Structures are given as structure tokens and as C-alpha cells.
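**Q** Here it is, the structure in full.
The values are calculated or read from the model by the stated rules, or taken from the named source; none is laboratory data. Keep in mind that this is a model prediction, so the values were computed, not measured. Note that we place each Cβ from the backbone using ideal geometry, even for glycine, and neighbour counts take in every protein chain shown.
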Amino acid sequence: MKITGVETLYLRQPQVRGLCDSGQDALIVKVTTDAGITGIGEVDSSPMAVKGTIEGPFSHTTATGLREVVIGEDPFETEYLWHKMYRANIYAGRRGIGIHAMSGIDMALWDIKGKALGLPVWKLLGGGFHKRLRCYASSLFGSTPQATHDLARRFRDRGFDAVKFGWDPMGRDAKTDIALVEQGRKGLGDEADLLIDAGLVWDAKTALQRVRAFQAYNIFWLEEPLRPDDYEGYRKLSQATSIRIAAGEEESNRLSFLDLMDRGQIDVVQIDLTRCGGFTEAMKIASLAHDRGLVVANHGFTTYINVTAALHFLNAIPNALIVEFAAEEETTLREQITQQKLRAVDGYLAIPDAPGLGIDLDDEGVARFRAA
């Protein structure tokens with residue numbers, strides 16, 4: 001079997017609001033083969049930059065469009081192809097967008113392997129740790145503390161016993177920050193887990209003040225309170241509190257994750273399959289975390305492709321903690337571009353068992369949202 005094509009599809013809602021909601025557009029990668037098997041992947045990044053990184057022409061031996069690198073190759077050779085892509089774009093792609101673009105191709109290659117062998121990706125990865133995985137409903141904060149309370153109550157009524165709120169309006173002032181968490185807890189009740197994503201808004205001293213105030217509301221973790229590169233601040237914060245500190249969605253391969261784990265001393269390693277280098281790299285990152293006694297959660301606020309990939313990945317590692325699940329079904333793009341729609345049952349997601357990723361594009365929905 002040989003790879004015959006790599007295509008990127010940029011999908012975008014007609015109306016994109018000025019929020020930190022990466023579910024309003026999507027960059028899908030399709031890899032085709034001469035055996036008639038097509039694999040799909042996703043990249044959560046700057047879509048047009050990733051499109052250029054994949055579909056761009058050969059420039060020179062260390063700055064090459066990734067499609068040029070994999071055409072004609074055997075899709076089963078995922079480790080080899082990962083390193084070939086990395087080397088061929090090392091001038092511009094050692095971190096960030098270059099690794100993001102590789103992620104989408106790598107994910108599609110594993111989808112092809114699973115389809116060709118009739119096995120789910122988690123089984124190819126050697127997994128089988130779970131039949132289902134606990135998930136948390138992931139949401140932006142409401143526009144006010146009271147709106148956050150109402151959202152929390154709605155998620156609790158839908159059967160979630162873990163809910164995360166994040167980003168604006170957190171970071172405006174101490175009174176607002178504390179009121180958001182207080183009302184989130186009131187809406188959720190005392191028994192469920194409340195997760196807080198600060199959205200990179202504080203310095204280490206302010207984060208320490210907030211985490212001490214949040215202890216009264218028994219939060220499950222505090223996510224990304226600091227700038228991604230403030231490893232010293234993360235270390236100080238982690239050492240000063242018993243609340244779990246979570247981070248990782250900004251990192252793009254195992255070397256940057258090592259800085260976050262060893263220098264930043266975080267507690268929960270958040271891995272996004274669409275940014276970190278795909279399954280091939282994610283498995284290595286999870287092993288490094290396990291060696292350090294750290295637990296792993298996914299990051300995924302985009303489409304059901306991302307979440308489905310995360311379920312395969314988390315089922316293949318011994319240190320999986322919980323699954324992020326953007327549970328707002330009314331998000332138009334997410335609900336219409338795949339044939340399968342994920343639904344949590346009593347706060348859990350089932351492990352996929354179909355060959356490959358087990359999720360397929362809805363051609364009509366893709367055509368509706370595809371941007372020129």
C-alpha cells in the first residue's frame with residue numbers, strides 16, 4: 001500500500017465570534033492510498049498556516065511541504081514517516097505549526113492502518129485499559145458568575161459529575177475570579193468535580209493568591225494559570241498548593257513537555273493529539289509522564305475527530321485521568337461534519353471499537369462549511 005494524496009479541508013462557521021472557542025472552525029487532513037483506503041486527521045492550530053505547511057511545495061531539504069514528504073510512502077511506517085517529516089521541515093517545524101501539521105497526517109496514517117487491519121487504533125497501540133472513560137463537560141465561563149451557575153446546573157442535570165469552566169471573564173479582578181468559581185460550585189453542587197481553566201491570565205504570585213482562595217470551593221484542578229513558558233512560575237505554584245496544576249495544550253512535542261514536567265513540575269499533563277505530533281508522539285509523552293508519576297488528560301475543544309482520537313490514546317496508556325468533552329451540542333460545525341456524534345452517558349464516553357478511528361466525515365456537512 002502506498003500513499004497517493006494528502007489534502008487539507010478548512011471548515012468554518014458563517015459566524016465566528018471573538019471568543020476562545022476553537023470549535024468554530026476546523027482543519028481536517030485526508031490521506032488517500034492506492035488501496036482505496038482513506039484516513040482522516042485533524043489539526044487544532046492556525047488553519048491556513050497548517051494548510052501551507054502541508055500542501056506547500058519543496059523549497060529545500062530542510063523546508064519542505066509535508067505532502068511532498070509522504071507521497072509514495074507506506075502508511076504503515078508511522079515511526080519512520082514521523083521522523084522523515086520532522087527532518088524534512090526542521091528549519092521551520094521543530095515546534096509549533098510544523099509539529100501541529102505533522103499531527104494531522106500522523107493521525108490519518110493510524111486511521112488507515114486500523115482500517116486496513118480491521119482493528120481500532122487503541123488496539124494497534126497496545127491498549128485495552130478501559131471499556132469507557134469518565135469525561136468532564138468543558139465550557140467557557142458564563143458572561144457573569146450567575147450565568148456560570150446556570151451553566152453548571154444545566155450540565156449537572158444532564159448527568160455530568162465533572163465540569164470545567166475557563167477563560168474570559170476570569171482574570172479581570174479578584175472579586176470576579178472568586179465569584180465565578182463560587183457560583184460554578186453552587187450550580188454544580190458539592191459532590192461533583194469542578195475544574196477551572198484560568199486561560200493564561202496571571203503571574204505566579206497572583207495565581208498563588210487565587211489558588212488559595214479557590215481551595216474553599218474544592219476545585220479538581222487549576223489549568224493554565226500562567227504563560228506557557230513560565231516554567232519557574234509553574235514550579236513555585238505547584239510546590240505551594242495541594243490543588244492539581246494542569247497544563248500542556250500549548251506544547252508541541254515531547255521536548256517541550258519535558259520542560260513543563262521537569263522544570264514546571266505540573267501535576268496533570270494535558271496532551272492534544274492534533275498539536276503534539278499525533279499518536280506517534282503522544283505515546284512517548286505519556287510514557288515520560290508515567291515515569292514521573294504524572295497523570296494524563298487530553299485537550300480537545302474542537303471536533304469529534306479530536307475527542308475520538310483522544311479516547312483511543314487514553315485507552316492505550318496506564319496513566320489516563322479523564323477526558324475533555326465539549327458538551328454543547330448546539331455548536332453547529334461540530335454536530336454536522338462527522339457521521340458519528342459522541343454522547344456522554346452518565347458522565348462517561350464509550351471506547352470506540354470500529355476499525356481505525358471509527359469516525360467518518362459527513363460529506364454534505366463538510367461541503368456546507370468548507371471555506372474557499
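**Q** Identify the residue in segment 154-183 that is farther than 23 Å from Asp346 by Cα and under 21 Å from the mean Cα position of the chain (by Cα) and, among all such residues, is surrounded by the most Cβ atoms within 10 Å (Cβ to Cβ).
**A** Trp167
**Q** Restricted to segment 128-148, and to residues that are among the hydrophobic types (A, V, I, L, M, F, W, C) and assigned to a loop (DSSP other than H, G, I, E, B), which residue is surrounded by the most Cβ atoms within 10 Å (Cβ to Cβ)?
**A** As a first pass, look at segment 128-148 and keep what is among the hydrophobic types (A, V, I, L, M, F, W, C): 129, 133, 135, 137, 140-141, 147.
Filter again for assigned to a loop (DSSP other than H, G, I, E, B), leaving 129, 141.
Values: Phe129: 15, Phe141: 24.
Once the filter is applied, the top-ranked residue is Phe141.
**Q** Got at least one residue in segment 72-79 being in contact (Cβ under 8 Å) with a residue 60 or more places away in the chain, within 21 Å of the chain's Cα centre (by Cα) and crowded, with 24+ Cβ neighbours inside 10 Å?
**A** no
**Q** Please state which of the following conditions Val295 fails to meet, knowing it meets all the rest: (1) surrounded by fewer than 23 Cβ atoms within 10 Å (Cβ to Cβ); (2) hydrophobic (A, V, I, L, M, F, W, C); (3) farther than 20 Å from Phe220 by Cα.
**A** Just one mismatch for Val295, condition (3).
**Q** Ile245 - would you say it is crowded, with 19+ Cβ neighbours inside 10 Å, within 21 Å of Ala174 (Cβ to Cβ) and in contact with a Ser or Thr (Cβ under 8 Å, 6 or more places away or on another chain)?
**A** Details: crowded, with 19+ Cβ neighbours inside 10 Å: yes; within 21 Å of Ala174 (Cβ to Cβ): yes; in contact with a Ser or Thr (Cβ under 8 Å, 6 or more places away or on another chain): yes.
When the stated conditions are applied, Ile245 passes them.
**Q** What residue, among those in segment 90-109 that are touching a Gly at 6+ places or on another chain (Cβ under 7 Å) and not aliphatic (A, V, I, L, M), is nearest to Leu125 (Cα to Cα)?
**A** Top of the filtered list is Asp106.
**Q** Given the conditions (1) closer than 24 Å to Ile271 by Cβ; (2) surrounded by 19 or more Cβ atoms within 10 Å (Cβ to Cβ); (3) touching a residue at least 24 places away in the same chain (Cβ under 8 Å), report the number of the one that Arg67 does not fulfil.
**A** (1)
**Q** Same structure again: Do we have Leu151 as among the aliphatic types (A, V, I, L, M) and either part of a helix (DSSP H, G or I) or outside the structural domain of Thr206 (by TED's automatic domain parsing) (or both) here?
**A** Numbers: among the aliphatic types (A, V, I, L, M): yes; either part of a helix (DSSP H, G or I) or outside the structural domain of Thr206 (by TED's automatic domain parsing) (or both): yes.
So Leu151 passes the test.
Matching residues to (1) of a type in the set (Gly, Ala, Ser); (2) within 18 Å of Leu19 (Cβ to Cβ):
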| site | (1), (2) |
| --- | --- |
| Cys135 | no, no |
| Thr144 | no, yes |
| Trp167 | no, yes |
| Met170 | no, yes |
| Asp173 | no, no |
| Lys186 | no, no |
| Ala207 | yes, no |
| Tyr217 | no, no |
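**Q** Further question: Can you spot a residue in segment 29-48 that is part of a helix (DSSP H, G or I), closer than 30 Å to Ala326 by Cα and not β-branched (Val, Ile, Thr)?
**A** Residues of segment 29-48 that are part of a helix (DSSP H, G or I), as a first pass: 47-48.
Now drop any that are not closer than 30 Å to Ala326 by Cα, which leaves 47-48.
With the extra rule that they be not β-branched (Val, Ile, Thr), the set shrinks to 47-48.
Yes: segment 29-48 contains one or more residues that are part of a helix (DSSP H, G or I), closer than 30 Å to Ala326 by Cα and not β-branched (Val, Ile, Thr).
**Q** Test Ala204 against the criterion of being assigned by TED's automatic domain parsing to the domain that holds Pro352, of a type in the set (A, V, I, L, M, F, W, C) and within 20 Å of Phe325 (Cα to Cα), and give yes or no. I'd like the intermediate steps shown before the answer.
**A** On the way: assigned by TED's automatic domain parsing to the domain that holds Pro352: yes; of a type in the set (A, V, I, L, M, F, W, C): yes; within 20 Å of Phe325 (Cα to Cα): no.
Against the criterion (assigned by TED's automatic domain parsing to the domain that holds Pro352, of a type in the set (A, V, I, L, M, F, W, C) and within 20 Å of Phe325 (Cα to Cα)), Ala204 does not qualify.
Quick grid of which residues meet (1) under 20 Å from Phe325 (Cα atoms); (2) of a type in the set (Asp, Glu); (3) modelled with pLDDT of 95 or more; (4) buried (at least 24 other Cβ atoms within 10 Å of the Cβ):
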residue: Asp259; (1), (2), (3), (4): no, yes, yes, no
residue: Gln265; (1), (2), (3), (4): no, no, yes, no
residue: Val268; (1), (2), (3), (4): yes, no, yes, no
residue: Gly277; (1), (2), (3), (4): no, no, yes, yes
residue: Thr280; (1), (2), (3), (4): no, no, yes, no
residue: Ile285; (1), (2), (3), (4): no, no, yes, yes
residue: Thr302; (1), (2), (3), (4): yes, no, no, yes
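**Q** Further question: Taking Phe165 as the residue in question, decide whether it is aromatic (Phe, Trp, Tyr) and outside any strand (DSSP E or B). Steps first, answer last, please.
**A** Numbers: aromatic (Phe, Trp, Tyr): yes; outside any strand (DSSP E or B): no.
No.
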